[in-house]
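See below for the structure under consideration.
Here, each number is a calculation from the coordinates, and none is a lab measurement. Keep in mind the model is a prediction, meaning the values are calculated, not measured. All Cβ positions, glycine included, derive from the backbone under ideal geometry; neighbour counts span all protein chains shown.
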Amino acid sequence: MRRNMKQMVRDIIGSPRRRAVPVLTSPGIEWIGAKPREVFQNGALQFQCIEALAAETPSDILVTFMDLSVEAEAFGAPVCYSDHENPTISGKIVSSAEEIAALPVPEIGAGRTGEVLRCAELCSQRLDRPVLGGMIGPFSLAGRLADMTEMMILAAAEPETAMALLEKSSEFLGKYAVALREAGVNGIFIAEPAAGLLSPEMCAQFSAVYLQRIVAAVQDDEFMVVLHNCGNAAGAQIPELLSVGAAALHLGNATDLVKAGALIPRDVLLMGNVDPVGVLKEGSPEMVYTRTSELLREMADYPNYVLSTGCDVPPGVSRANIQAFFRALEDYNQSV
């Protein structure tokens with residue numbers, strides 16, 4: 001369903017009430033009685049997980065699965081599946097300039113991208129609130145195709161070779177972003193965790209410039225882009241992240257959000273960053289409630305702040321902890 005997402009951003013910024021957009025999909029696997037191995041290969045099951053979460057949580061915007069192996073698998077990278085965890089890429093497929101030059105850019109629908117698009121279609125047709133489609137960023141995808149350590153070395157020592165792979169990564173991702181939009185979702189959530197490893201200058205050269213193209217191709221009043229960065233971005237990388245032009249920045253729990261908030265324009269949403277493992281998975285409901293409440297108070301001076309997790313929530317997070325997260329939000333909103 002089409003919605004005016006630009007107006008939604010304005011409404012969020014203009015209201016004292018805080019919104020919540022946690023990256024919350026994997027717990028739904030247990031809620032529907034499935035296994036990760038099944039869900040990550042089946043778009044209809046992915047939708048059922050998100051539907052179950054939508055029925056039990058008041059997330060203002062829903063996010064599809066953050067499976068960062070999907071796009072690399074479409075290029076031909078080998079994937080390891082598990083009955084307990086998200087899929088992972090098990091080996092690189094390119095290591096030289098010649099291999100990169102010969103690497104074909106896959107068609108949209110290759111591998112499991114068709115299943116992701118099926119999930120996106122079902123979400124857009126059947127859910128009662130906005131949905132963002134999850135996808136990987138170009139530098140992180142290139143790191144899965146060439147091995148992350150090797151990609152870092154290429155960026156430093158053979159930048160032209162690194163850029164050749166990034167061109168292919170971003171070409172595919174640009175088309176994938178368009179396909180997600182055509183599937184009916186209201187935006188995309190781009191996870192670019194590997195960019196957090198780069199210096200600001202390298203982030204601009206090897207990540208931001210490619211992300212800019214994707215954002216320019218799809219973002220408008222009805223379609224928003226959220227950019228996720230896992231690194232400690234509370235200063236050095238903020239200008240590069242803002243240069244991408246995304247409607248929202250989603251920062252990981254390594255970042256001091258108060259410091260980051262001071263650097264981000266008030267018309268750009270800032271999302272984050274309750275620790276999904278150390279707090280939501282391993283903590284007690286009391287701990288989740290306390291940390292979430294603390295974060296809301298810390299960010300009280302930033303009207304563009306949206307409560308979220310620091311990254312995607314892993315399997316195994318209890319219902320009680322998820323409920324504590326939202327209870328803290330509800331109590332905070334009653335107090336303002």
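Quick one: check the C-alpha center-to-center distance for the range 12-35 versus the range 225-288, whole angstrom. The two parts, judged by their Cα centres, are 16 Å apart.
Pairs of lysines 8 or more apart, or on different chains, with alpha carbons under 27 Å: count those in the range 5-335, would you? Could you put the intermediate results ahead of the total?
Values: Lys6/Lys175; Lys6/Lys259; Lys35/Lys92; Lys35/Lys281; Lys92/Lys168; Lys92/Lys175; Lys259/Lys281.
Number of lysine pairs found: 7.
Rounded to the nearest 500, the helix-only mean residue ellipticity at 222 nm of the chain stands at -13500 deg cm²/dmol, with each DSSP H run of n ≥ 4 adding -39,500 (n - 2.57).
How big is the Rg/Rh ratio for the chain, C-alpha atoms only, Rh by Kirkwood, two decimals? Ratio value, two decimals: 0.95.
In degrees from 0 to 90, rounded to the nearest 10, what is the angle of the helix 148-157 Cα long axis to the longest principal axis of the chain? Around 60 degrees separate the two axes.
Semi-axes of the equivalent ellipsoid for the range 126-172, computed as √(5λ) from the eigenvalues of its C-alpha gyration tensor and ordered from largest down, come to 30, 10, 7 Å.
Please arrange Leu269, Leu197 by counting, for each residue, the other beta carbons lying within 10 Å of its beta carbon, fewest first.
Values: Leu269 25, Leu197 18.
Fewest-to-most Cβ neighbours within 10 Å comes out as Leu197, Leu269.
When the square roots of the Cα gyration tensor eigenvalues are ordered a ≥ b ≥ c, the ratio a/c for the range 149-272 is 1.5 or more and a/b does not exceed b/c, which makes its shape oblate.
Relative contact order of the chain, taken over Cα pairs closer than 8 Å and 6 or more residues apart, is 20 percent. Have a look at Leu117, Val336, Val215 and report the one farthest towards the positive end of the charge dipole of the chain, computed about the Cα centre with Cβ charges (Lys/Arg +1, Asp/Glu -1). Value: Val336. Helix 159-182 versus the longest principal axis of the chain: what is the Cα-based angle in degrees, 0 to 90, to the nearest 10? Taking Cα atoms only, the helix is inclined about 50 degrees.
Take the Cβ atoms of Ser90 and Gln323, set R0 to 51 Å, and the FRET efficiency comes out at 0.90. The mean sequence distance of close C-alpha pairs (under 8 Å, at least 6 residues apart), as a share of the length of the range 122-205, puts its relative contact order at 46 percent.
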